[in-house]
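Undergrad: Starting off with a structure, shown below.
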Amino acid sequence: MRIGLMKVDRISPHTSNLLDVTRAVAAGLVVLFHARTYVLGGKLPADTIWSIIYSVTNCGTQAVFWFFVISGYLVGGSVLDDLATGRFSFFRYW
């Protein structure tokens with residue numbers, strides 16, 4: 001499909017599933033980041049196991065970013081698809 005100079009392609013079911021899993025992982029990392037902040041506060045623990053947990057859950061801010069980037073891609077793609085087929089409705093989008 002073409003909209004102006006831009007070509008819009010549908011994503012495959014495999015890619016859609018992969019993006020859904022990636023968004024779920026990003027959301028899980030955000031939850032773990034908040035749980036870590038609640039449990040440990042802002043200080044780095046001296047115990048080795050807690051240091052590993054602290055390090056693994058230290059990417060909450062980046063996970064929020066990637067969650068919204070992927071969500072924007074999926075929503076934007078559906079809007080472009082609807083525009084290309086003449087089905088776009090501001091009421092339905094809202």
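The values are calculated or read from the model by the stated rules, or taken from the named source; none is laboratory data. Just so we're clear, the structure is a prediction, and the values are computed from it rather than from any experiment. Positions of Cβ are generated from backbone atoms using ideal geometry, with glycine treated the same way; all protein chains shown enter the neighbour counts. Surface accessibility is based on the protein's heavy atoms, side chains included, excluding ligands, DNA and RNA. Shrake-Rupley method; radii C 1.70, N 1.55, O 1.52, S 1.80 Å.
Undergrad: Are any residues in region 13-38 surrounded by fewer than 17 Cβ atoms within 10 Å (Cβ to Cβ) and of a type in the set (Val, Ile, Thr), and if so, which ones?
TA: Once the filter is applied, which keeps residues that are surrounded by fewer than 17 Cβ atoms within 10 Å (Cβ to Cβ) and of a type in the set (Val, Ile, Thr), region 13-38 yields Thr15, Val21, Thr22, Val25, Val31, Thr37.
Undergrad: Could I ask something else about it? For Tyr93, only one of the following conditions fails: (1) more than 24 Å from Leu32 (Cβ to Cβ); (2) among the hydroxyl-bearing types (Ser, Thr, Tyr); (3) open to solvent by less than 70 Å² (accessible area, probe 1.4 Å). What is its number?
TA: Just one mismatch for Tyr93, condition (3).
Undergrad: While we're on this one: Kindly evaluate Asp9 against the criterion of being open to solvent by 60 Å² or more (accessible area, probe 1.4 Å) and of a type in the set (Asp, Glu).
TA: yes
Undergrad: Could you say which residue among Thr57, Thr48, Thr61 is of a type in the set (S, T, N, Q) and open to solvent by less than 60 Å² (accessible area, probe 1.4 Å)?
TA: Within the list Thr57, Thr48, Thr61, the selection yields Thr57.
Undergrad: Hey, can you tell me all the residues within region 80-90 that are exposed (fewer than 14 other Cβ atoms within 10 Å of the Cβ) and of a type outside the set (Phe, Trp, Tyr)?
TA: Listed by number, the residues that qualify are Thr85, Gly86, Arg87, Ser89.
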